[in-house]
Amino acid sequence: MKRFIILLVLPLFAFTSFHKYYISVTQIDYIERKQSVQIISRIFIDDLERLIRERYDETITLGGKKESLKADEYIQRYLGEKMIIKINGKRANLTFVGKEYDVDLVKCYLEIEDVKKIESFEISNKVLFDLFDDQQNIIKTKINSKQKSVILIPQNESFLFTYQ
């Protein structure tokens, strides 16, 4: 009888994940005609909420009708500290445009204006590295009609793309 129960229950564990993956995906597009770099960073809501609670405000709620009024302020501050971009060797000014929720993700919209040309693009993305040792931040770019990607980890938190 015990064998039967084990054989019945064991396959159920094959479809259950015991490990959560800690990942964000950031898409960066250079829109030459607008002289603008547009950035969309997708982060799991629960991970970002946990970080903001630990760092800034333990009562914060992201998403839904009970979202805290300071949510945008905290997200903007955190991304400004953890995502640093240099274009042609000079630090760029990131503007937080806003955010929206998509199921279990928050999409954060950022922009860099007045970018006439890009010869080099360096990004340091330490988002959630201070919370998860196994966090991975995928960076996908489309700059000067070239698509490039990189995965950043806590031991390698920045990357320099060149376009010459």
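When restricted to residues that are among the aliphatic types (A, V, I, L, M) and over 15 Å from the mean Cα position of the chain (by Cα), the stretch 124-164 contains 2.
Select from the stretch 114-145 the residues that are surrounded by fewer than 14 Cβ atoms within 10 Å (Cβ to Cβ) and hydrophobic (A, V, I, L, M, F, W, C) and list them in ascending order. Listed by number, the list is empty, since nothing qualifies.
Taken as a whole, the condition of being modelled with pLDDT of 95 or more and under 25 Å from residue 45 (Cβ atoms) applies to residue 97. In this structure, residue 49 does not qualify as under 15 Å from residue 110 (Cα atoms) and assigned to a helix (DSSP H, G or I).
Criterion applied to 76, 136 was being at pLDDT 95 or above and more than 17 Å from residue 28 (Cβ to Cβ), and the one residue passing it is 76. Scanning the stretch 125-151 for residues that are without any contact (Cβ under 8 Å) to a residue 60 or more places away in the chain and under 24 Å from residue 53 (Cβ atoms) returns 126, 129, 133.
Among residues of the stretch 51-72 that are farther than 18 Å from residue 131 by Cβ and of a type in the set (Asp, Glu), those with a Cβ under 6 angstrom from a residue that is modelled with pLDDT under 95 and in a loop (DSSP other than H, G, I, E, B), sequence gap 6+ or separate chain, pair up as 67/61. The combined condition, being surrounded by fewer than 17 Cβ atoms within 10 Å (Cβ to Cβ), of a type outside the set (A, V, I, L, M), within 14 Å of the chain's Cα centre (by Cα) and within 30 Å of residue 117 (Cβ to Cβ), is not fulfilled by residue 35. The set of residues in the stretch 68-103 that are surrounded by fewer than 14 Cβ atoms within 10 Å (Cβ to Cβ) and in a loop (DSSP other than H, G, I, E, B) comprises 69, 89, 93, 103.
Entry remark, the stretch 73-103: residues being over 25 Å from residue 143 (Cα atoms) and in contact with a strand residue (DSSP E or B) (Cβ under 7 Å, 6 or more places away or on another chain) number 1 in total.
The values are calculated or read from the model by the stated rules, or taken from the named source; none is laboratory data. These numbers come from a predicted model, not from an experiment. Reconstructed Cβ throughout: ideal geometry from the backbone, glycine too, with neighbour counts over all protein chains shown.
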